[in-house]
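Q: Have a look at this one.
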Amino acid sequence: MINFNLDISKRKILIIGSGNIAKRRLKKILESAKHIRINIVSPDFNNEIKSIFSKNRILNFLKGNLDSPI
């Protein structure tokens, strides 16, 4: 993994998927920027990501499949 020091406080974040890597990155993003809006696109969401959402209320879940046209 490559670490970058970026100011993401005024950025829009999009996470594709809700697997282990997505969870790990979501937690890191929330640690570094508390008031950031994050969109997550995935066909389904596991309980851990739903739990993170209920605590933070800054996530937007977009249920979808990237194989099909939007």
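Q: Out of all the residues in segment 5-44, which are surrounded by 11 or more Cβ atoms within 10 Å (Cβ to Cβ) and more than 11 Å from the chain's Cα centre (by Cα)?
A: Those that are surrounded by 11 or more Cβ atoms within 10 Å (Cβ to Cβ) and more than 11 Å from the chain's Cα centre (by Cα): 8, 11, 32, 33, 43.
Residues are listed down the side, and each one gets a yes or a no for (1) modelled with pLDDT under 80; (2) closer than 14 Å to residue 63 by Cβ:
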| position | (1), (2) |
| --- | --- |
| 19 | no, no |
| 27 | no, no |
| 34 | yes, no |
| 43 | no, yes |
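Q: Among the residues of segment 45-70, write down those that are of a type outside the set (Asp, Glu), assigned to a loop (DSSP other than H, G, I, E, B) and either closer than 26 Å to residue 4 by Cα or modelled with pLDDT under 70 (or both).
A: Within segment 45-70, 57, 58, 64, 65, 66, 68, 69, 70 qualify.
Q: How many of the residues in segment 45-54 are open to solvent by less than 60 Å² (accessible area, probe 1.4 Å) and in contact (Cβ under 8 Å) with a residue 12 or more places away in the chain?
A: Residues that pass the stated criteria total 4.
The values are calculated or read from the model by the stated rules, or taken from the named source; none is laboratory data. Not measured: the values here are computed from a predicted model. We place every Cβ from the backbone using ideal geometry, glycine too, and count neighbours over all the protein chains shown. The protein model used for the area step is the full one, side chains on, heavy atoms only, and it has no ligands, DNA or RNA in it. Shrake-Rupley method; radii C 1.70, N 1.55, O 1.52, S 1.80 Å.
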